[in-house]
Amino acid sequence: MFSPKLCVVLPPADRAQLAQVAVNGNTPQKLALRARIVLMLADHIRPSHIAQRLGLSRNHVHYWMRRFVAHGASGVLHDAPRPGGRKALTPEKVAAIVTATLTTTPAGGTHWSTRTMARAQGVSEKTIRNIWHQHGLQPHRVTRFKLSKDPHFVDKLRDVVGLYLNPPDQAVVFCVDEKSGIQALDRTRPVLPLAPGVPERQTHDYIRHGTTCLYAALRLFDGVVFGNCRPKRDSREFVRFLNQIDRATPTAEVIHVVLDNLSTHKSPRVKTWLRRHPRVHFHFIPTSSSWLNLVERWFGEITRLRIRRGTFESVASLIAAIEDYLRHYNEMPKRFIWTKDADMILDKIARCPKLLNAAH
């Protein structure tokens, strides 16, 4: 059966030009290859045979055949115009994106995402991500703060920070607090163990068996923690814990205790105990300033490493787990070192009202 051959009509002038390009040793190889393709098509050689001889695909041969038909020899010997690189954003556009991130919110939303900002500004998501990274912008994050209203904030701050940075000679500093309401939570189904590609899985519902209160005293010198679990938090239990600290400290050393303003820490029972133990001195942190008590940092560690993901079938098992953590922690205690002096903290706090006034 007859099948037509695809070929091109090559004027003599174009044939001579392409033939010279094909045999010239100084011609770039890509131009010589194009010239040979067109010359072979003009000689009625099938595109499939051309592709086989030159080691090309048939689509490649058809492409240059169409280019020659559309633009002639110049379309074969010269590359098509290209769009060039992506235009860089102007400083004005970058400033507009930063300003919009800082001063506006999307319609119906509380904060921008890279996608919503990219649609609003008519740029790519990657561009928004790069600009936010360069300017330290994180609209997806939010942190919380609270300013203390304690009228004696400065005096208490300097007192406690002074103990941390320059503790007295022949004295021991303890950071004391209670972590109350620790729940003994048991899952309604067995925990599914960790597997490759699959995290440990727990049911979202739980059984609450009860709570306990952890009294803890962090010794500033070496990071050792004295801990004791009690059923509730009151003055009687607090005095018992103070007796434990007193017995664990050599009698020749003065005891300084950093603690918060909880009412049980100032009850008549506690005041009576302090009069009987003159070597013990209390240092109260300002109200709403739990960050100033170093034992809170340790509470975060035991919560993250032992309590939050734990499964406890009773309060007794919860207490046993806490005591086990205490025992292992005190084998290699970690000393928490305070680094900021009072003036640095006060300078940072002084900037907060300015930021609040600017925000409003």
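Numerical summary
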item: Rounded percent of accessible protein surface that carbon and sulfur make up, segment 1-116, 1.4 Å probe; result: 58
item: Charge dipole of segment 84-228 about the Cα centre (unit charges at C-beta), most positive-ward option of THR114, PRO167, ILE207; result: THR114
item: Residue order for LYS232, LYS156 - accessible surface, 1.4 angstrom probe, largest first; result: LYS232, LYS156
item: Segment 55-106 versus segment 213-264: alpha-carbon centroid distance in Å; result: 72
item: Loop sites in segment 90-158: chymotrypsin sites (Phe, Trp or Tyr not before Pro), DSSP, at most 14 other Cβ within 10 Å; result: PHE145
item: 12 Å reach of a label modelled at HIS152, 7 Å along Cα-to-Cβ, counting backbone N of segment 277-293; result: 282-287
item: Surface accessible to a 1.4 Å probe, THR339 within the full protein complex, Å²; result: 100
item: Potential extension, ALA316-ALA350 segment - 0.36 nm per residue separation minus Cα distance; result: 7.6 nm
item: Solvent accessible area, Å² - HIS152, 1.4 Å probe, full protein context; result: 100
item: For VAL8, residues with placed amide H under 5 Å, excluding near neighbours; result: ALA42, HIS44
item: Under-5 Å amide H pairs with VAL280, H placed in peptide plane, nonlocal only; result: ILE255
item: Proximal lysines to LYS340, defined as alpha-carbon separation beneath 27 angstrom and excluding residues fewer than eight positions away on the same chain; result: LYS146, LYS149, LYS156, LYS179, LYS348, LYS354
item: Low-density loop positions, trypsin sites (Lys or Arg not before Pro), segment 82-117 - DSSP coil, at most 13 other Cβ in 10 Å; result: ARG86, LYS87
item: Environment charge at ARG236 (Cβ cut-off 11 Å; Lys +1, Arg +1, Asp -1, Glu -1); result: +3
item: Zone of LYS93's modelled label, taken as backbone nitrogen in segment 101-134 under 12 Å from a point 7 Å along Cα→Cβ; result: 121-125, 127-128
item: Computed helical MRE - 222 nm, the chain, DSSP H runs ≥ 4 contributing -39500 (n - 2.57), nearest 500; result: -14500 deg cm²/dmol
item: Reachable lysines, given that their alpha-carbon falls under 21 Å from the alpha-carbon of LYS93 and they are not under 8 places away in the same chain; result: LYS126
item: Residues in segment 74-99 that a label on ASN130 would reach, taking backbone N under 19 Å of a point 7 Å out along Cα→Cβ; result: 83-99
item: Surface per residue (accessible, 1.4 Å probe) for the chain, Å²; result: 63
item: Cα-centred dipole magnitude for the chain, charges only on beta-carbon of K, R (+1) and D, E (-1), debye, nearest 20; result: 1320
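The values are calculated or read from the model by the stated rules, or taken from the named source; none is laboratory data. All values derive from a computational prediction rather than experimental measurement. When we count neighbours, we look across all protein chains shown, and the Cβ atoms used for this are built from the backbone with ideal geometry, even at glycine. Surface accessibility is based on the protein's heavy atoms, side chains included, excluding ligands, DNA and RNA. Shrake-Rupley method; radii C 1.70, N 1.55, O 1.52, S 1.80 Å.
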